[in-house]
Amino acid sequence: MNDHILIRYGELSLKKSNRNQFIKKINTHIQKALKGFDKLTFEARGLRHYIILNGEDEKNIIPILKKIPGIYSFSVVARCASDIEEIKALALNVLKEKDYANSKFKVDTHRGDKQFPMTSQEITKEVSRELFKNLPGLKADVHNPDFVLNIDVRCEGTFIFTDVHMGLGGFPAGILGKTILMISGGIDSVVAGFEVIKKGMNVEAVHYASPPYTSDMALQKVVDLLEELTIYTEHQSINLHVVPFTKIQDEIYKNVRDDYGITIMRRMMYRIAEKLANKHNALAIVNGENAGQVASQTLESMGVINEVTKLPVIRPLATLDKSDIIEKSIQIGTYPISIRPYEDCCTVFVPKHPQIKPHLDTAIEEENKFDYNTLIDEAIENIQTIRLRTGRKYEVFKKEELF
């Protein structure tokens, strides 16, 4: 009966000159994600994309579609010719497969084919009469129905459905280019990564490791977090660049006044992230900073820290409440990993009284007390790169042999 899945693009429909490029990309991602289902065929029709099931079980396909950026919503639909008698018969059969007893419903008709000889209202009345005649106990309620019977009359056929599944929304994965994601291992940064991936950006991740102050388990936590994100990406993979950060942190805390330690540390991280972005053709830096959440995330601190880079810095979580971020992390499955009790370099070195309103000239004076450029170059030279792929054991490369 339900032999098609109808894909809706949502935000992509707002595009004009580059709409076709976006739609072509998302359709390619859909087919790639479903390549293991041999019976499926696909039909593209302007702003609509149909998956013809050909006997495949839609229950196996729905969870996959929910993880593809760019899909606003989708429905499992039944299809017939755009003929009123066939429409009435199909509508009746669709409801016979539902538990309609004593249900309140309404019929919502959209007549996309303006050549069809009946108006939307006329179609709705005809179908409703057919249903009332054959399904005793069914009741009409246009204001508070238990379900809606949707009838979509189009040139290529008529589609009937009752359920709408929400997708991720956003743009097709990778359509907006590459970014560098600064990931710590906490709750926020991985959610920020999810948000930019959903918005059509690829990510290369950078993590600052400070052994022996941080453990191998802290790094493993980051690996596990990013593996949860790979399913949403264009190629179902993410490269993680692990920066040896211990020497830089040691020099900061030997030479820099205590209250400016976090400010200088974050400035070093941004410098490294920018160099990685330039090396890997990334267009922006992404992080999980949230305005006012900690000392380094006051507006004054963000301004001083941001000064070291010319790249755009994207902060998807900047204005969200912490409870909203936690809820999102639960939804995408990263929360249980993020709360593992292994600290990253930011939490290990937090001073008792960090400066919340740093001054740029003071920050520059403090960081010039040691040769940070040489240390940054050394750290980048010794980066360890880990390639993470969905459902596969990760690969480790030293000195960026991947590139």
Quiz item: From the list 146, 188, which one is of a type in the set (D, E, K, R), farther than 22 Å from residue 318 by Cα and either in contact (Cβ under 8 Å) with a residue 40 or more places away in the chain or in contact with a Ser or Thr (Cβ under 9 Å, 6 or more places away or on another chain) (or both)?
Solution: 146
Practice problem: Hey, can you tell me all the residues within region 101-125 that are more than 16 Å from residue 81 (Cα to Cα) and either touching a helix residue (DSSP H, G or I) at 6+ places or on another chain (Cβ under 6 Å) or of a type in the set (Lys, Arg) (or both)? | Solution: 104, 106, 107, 125
Quiz prompt | Long-range neighbours under 8 Å by Cβ, at least six apart or interchain, first residue open to solvent by 60 Å² or more (accessible area, probe 1.4 Å) within region 87-112, second basic (Lys, Arg) | solution = 102/139; 104/139
Practice problem: Could you please find all residues in region 21-51 being surrounded by 15 or more Cβ atoms within 10 Å (Cβ to Cβ) and either modelled with pLDDT of 95 or more or in a loop (DSSP other than H, G, I, E, B) (or both)? | Solution: 34, 37, 40, 51
Quiz item: Tell me, which residue of region 325-356 that is among the acidic types (Asp, Glu) and under 20 Å from residue 181 (Cα atoms) is modelled with the lowest pLDDT?
Solution: 344
Self-check item: Close pairs from region 251-267: first within 18 Å of residue 289 (Cβ to Cβ) and surrounded by 24 or more Cβ atoms within 10 Å (Cβ to Cβ), partner at pLDDT 95 or above and of a type in the set (D, E, K, R), Cβ under 6 Å, at least 6 apart
Solution: 264/366; 264/367
Self-check item: Residues (assigned to a helix (DSSP H, G or I), out of contact with any strand residue (DSSP E or B) (no Cβ under 9 Å at 6 or more places or on another chain) and open to solvent by 30 Å² or more (accessible area, probe 1.4 Å)) located in region 301-314
Solution: 303
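Here is a yes/no grid of residues against (1) free of Cβ contacts under 8 Å to residues at least 12 places away in the same chain; (2) over 18 Å from residue 233 (Cβ atoms); (3) surrounded by 15 or more Cβ atoms within 10 Å (Cβ to Cβ):
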| position | (1), (2), (3) |
| --- | --- |
| 281 | no, no, no |
| 286 | no, no, yes |
| 289 | no, yes, yes |
| 292 | yes, yes, no |
| 299 | yes, yes, no |
| 322 | no, yes, no |
| 326 | no, yes, yes |
| 330 | yes, yes, no |
| 340 | no, yes, no |
Quiz item: Which one is farthest from the chain's Cα centre (by Cα) among residues in region 65-81 that are within 16 Å of residue 198 (Cβ to Cβ) and open to solvent by 50 Å² or more (accessible area, probe 1.4 Å)?
Solution: 72
Quiz item: From the list 105, 171, which residue is over 26 Å from residue 22 (Cβ atoms) and of a type in the set (Phe, Trp, Tyr)?
Solution: 105
Quiz item: What do you reckon, is residue 229 part of a helix (DSSP H, G or I) and surrounded by fewer than 24 Cβ atoms within 10 Å (Cβ to Cβ)?
Solution: no
Quiz item: Can you name the condition, by its number, that residue 224 falls short on among (1) in contact with a Cys (Cβ under 9 Å, 6 or more places away or on another chain); (2) open to solvent by 10 Å² or more (accessible area, probe 1.4 Å); (3) over 22 Å from residue 362 (Cα atoms); (4) assigned to a helix (DSSP H, G or I)?
Solution: (1)
Quiz item: Scanning region 166-185 for residues that are in contact with a Ser or Thr (Cβ under 6 Å, 6 or more places away or on another chain) and closer than 22 Å to residue 25 by Cβ, which turns out least open to solvent (accessible area, probe 1.4 Å)?
Solution: 173
Quiz item: Which members of region 124-165 meet the condition of being crowded, with 16+ Cβ neighbours inside 10 Å and of a type in the set (A, V, I, L, M)?
Solution: 127, 131, 135, 138, 149, 151, 153, 160
Quiz item: Does any residue in region 198-220 that is closer than 21 Å to residue 248 by Cα come within less than 8 Å, Cβ to Cβ, of a residue that is of a type in the set (Gly, Ala, Ser) and part of a helix (DSSP H, G or I) six or more places away or on a different chain, and which pairs are these?
Solution: 205/193; 206/273; 209/218
Exercise. Residues being part of a loop (DSSP other than H, G, I, E, B) and over 22 Å from residue 29 (Cα atoms): count how many of those fall in region 186-216.
Key: 8
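The values are calculated or read from the model by the stated rules, or taken from the named source; none is laboratory data. Computed from a predicted model, the values in this text were never measured in an experiment. Glycine gets a Cβ as well: all are built from the backbone with ideal geometry, and neighbour counts include every protein chain shown. Please note that ligands, DNA and RNA were not included when accessible areas were found on the heavy atoms of the full protein model with its side chains. Shrake-Rupley method; radii C 1.70, N 1.55, O 1.52, S 1.80 Å.
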